[in-house]
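Worksheet: the structure to be examined is printed underneath.
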Amino acid sequence: MTIYNLGWHHPHWTLSQISQQIFEQYQIKLSRPTISYTLAEWGYKFYKQTVAQALTEEHKKKRLAFCELYKDFTEADQAQLVFTDESIFRQTANGIDYILRRPDERYEEEFIHQCKQAGWQSVMVHGAIFGSNKATLYFQVDKRCIKAVDFIEIMKKQLIPNLVKKFKLIYQCDNASPHSAKITKAAFAT
């Protein structure tokens, strides 16, 4: 079995594991740099594994419906569209694997690490962008996940008073559970 085949069939293997397998099968010792260089000749490199939540078919349909609804927006209309999101920053390692892949394979399903919340110290940062503007970041210490009630409170205290009323913005939801929950929709129905 060649270096290429080992890398292709075992993308989660480290260079040491590939080297060990070659030694066990062929009694040939190859250094990790030699294996890395050989794989690079075929367009492969080790990257941190992409971490993402899978989109459901329902999410895809809702995103397409949103695009269809607003496809005739002018540039001025689009400048009124506000997008909010939140990210968690952790103080400890989050277990992301390095994976052997080509640069254009980043978002292919077999190279994505599906993630769930875990128990470590963190800071959640909320932000919003619209047009060429951005909102002031909002921080929550030791917040591991956001629920619909938390999201509503943040929107009402931070985003709505500071942005939506001032600029007459249109809120775009990314269909994350707290953003699209029934209580969230009810809280912001106009």
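Among the residues making up segment 19-50, a single one is within 11 Å of L100 (Cβ to Cβ) and more than 29 Å from the chain's Cα centre (by Cα): I35. Would you be able to say whether some residue in segment 32-45 is in contact (Cβ under 8 Å) with a residue 12 or more places away in the chain, within 30 Å of C173 (Cβ to Cβ) and part of a loop (DSSP other than H, G, I, E, B)? Checking segment 32-45: not a single residue is in contact (Cβ under 8 Å) with a residue 12 or more places away in the chain, within 30 Å of C173 (Cβ to Cβ) and part of a loop (DSSP other than H, G, I, E, B). Could you please let me know if A65 is modelled with pLDDT of 80 or more and aliphatic (A, V, I, L, M)? So A65 fits the description; yes. Close Cβ contacts (under 9 Å, 6 or more residues apart or on different chains) running from residues in segment 50-73 that are within 22 Å of P178 (Cα to Cα) to residues that are among the aromatic types (F, W, Y) comprise A52/Y107.
Considering only residues in segment 130-143 that are within 19 Å of T184 (Cβ to Cβ) and assigned to a loop (DSSP other than H, G, I, E, B), the one that is modelled with the highest pLDDT turns out to be A135.
The single residue among P103, P178, P161 that is surrounded by 12 or more Cβ atoms within 10 Å (Cβ to Cβ) and either under 20 Å from A52 (Cα atoms) or modelled with pLDDT under 75 (or both) turns out to be P178.
In segment 61-92, the residue that is surrounded by the most Cβ atoms within 10 Å (Cβ to Cβ) out of those that are under 22 Å from the mean Cα position of the chain (by Cα) and among the charged types (D, E, K, R) is E86.
The values are calculated or read from the model by the stated rules, or taken from the named source; none is laboratory data. Quick caveat, the model's predicted, so the values are computed rather than measured. With ideal geometry, Cβ positions are generated from the backbone for all residues, glycine too; neighbour counts draw on all protein chains shown.
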